[in-house]
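Below is one structure; the comments refer to it alone.
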Amino acid sequence: TMYDVLEHVTDPKAELALCHSLLKDDGILITRVPSVPENGPVMNLVDHLWHFNHETATALIASSGFEIIDIFNSGVCHGERGSVQGITIVARKIPPSLSFPH
């Protein structure tokens with residue numbers, strides 16, 4: 001489970017690769033990120049190195065060897081300029097033998 005982590009790390013793809021390597025085949029990853037509204041981020045840019053929405057978060061996770069099982073709104077994330085909806089993504093590890101090169 002990675003709640004409110006990916007937006008803070010310098011290399012989210014590397015963090016997801018590490019998670020993929022640690023999970024058993026068919027293991028489940030649950031992650032939550034603030035969803036950036038269409039008018040741009042309201043979070044403090046110093047705190048958040050990355051900004052995601054439904055499409056970018058699921059694309060990143062899917063390109064990291066996971067099958068998206070579910071995505072749903074979850075809670076509110078508060079920033080200096082306002083609040084945004086959090087999104088939770090549930091994904092299953094695709095075993096390396098079944099993964100396609102990206």
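Dipole of segment 1-75, Cα-centred, from +1 at each Lys and Arg C-beta and -1 at each Asp and Glu C-beta, to the nearest 20 debye?
For this selection, approximately 80 debye.
With angles folded into 0 to 90 degrees, how steeply does helix 12-22 sit against the dominant principal axis of the chain? Use alpha carbons for both and round to 10.
The angle comes out near 40 degrees.
If I take every Cα pair under 8 Å that is 6 or more residues apart in segment 1-78, average their sequence separation and divide by the length, what percent do I get for the relative contact order?
37
Would you work out what percent of the accessible area of the chain, with all protein chains in place, is carbon or sulfur (probe 1.4 Å)?
Ligands and nucleic acids excluded, carbon and sulfur give 58 percent.
At what distance in nm do the modelled label points of Asp70 and Thr56 sit from each other, each positioned 7 Å from its Cα along Cα→Cβ?
So the two model labels end up 2.6 nm from each other.
Quick one: accessible area per residue over the chain, 1.4 Å probe, rounded to a whole number of Å²?
That works out to 58 Å² for each residue.
In nm, to one decimal, how far is the modelled label at Asp47 from the one at Gln85, with both set 7 Å along Cα→Cβ?
With each label placed 7 Å out from Cα toward Cβ, I get 2.1 nm.
Could you compute the net charge surrounding Asp70? Neighbours are other residues with a C-beta less than 14 Å from the C-beta of Asp70; K and R count +1, D and E count -1.
+1
Which of His54, His8, Ile68 sits farthest toward the positive end of the charge dipole of the chain, with +1 on the Cβ of Lys and Arg and -1 on the Cβ of Asp and Glu?
Of the options given, the answer is Ile68.
The values are calculated or read from the model by the stated rules, or taken from the named source; none is laboratory data. Quantities reported herein were computed from a predicted structural model and do not represent experimental measurements. As a convention, Cβ positions derive from the backbone with ideal geometry for all residues, glycine included, and neighbour counts pool all protein chains shown. Areas reflect the complete protein model, heavy atoms only, side chains present, ligands, DNA and RNA absent. Shrake-Rupley method; radii C 1.70, N 1.55, O 1.52, S 1.80 Å.
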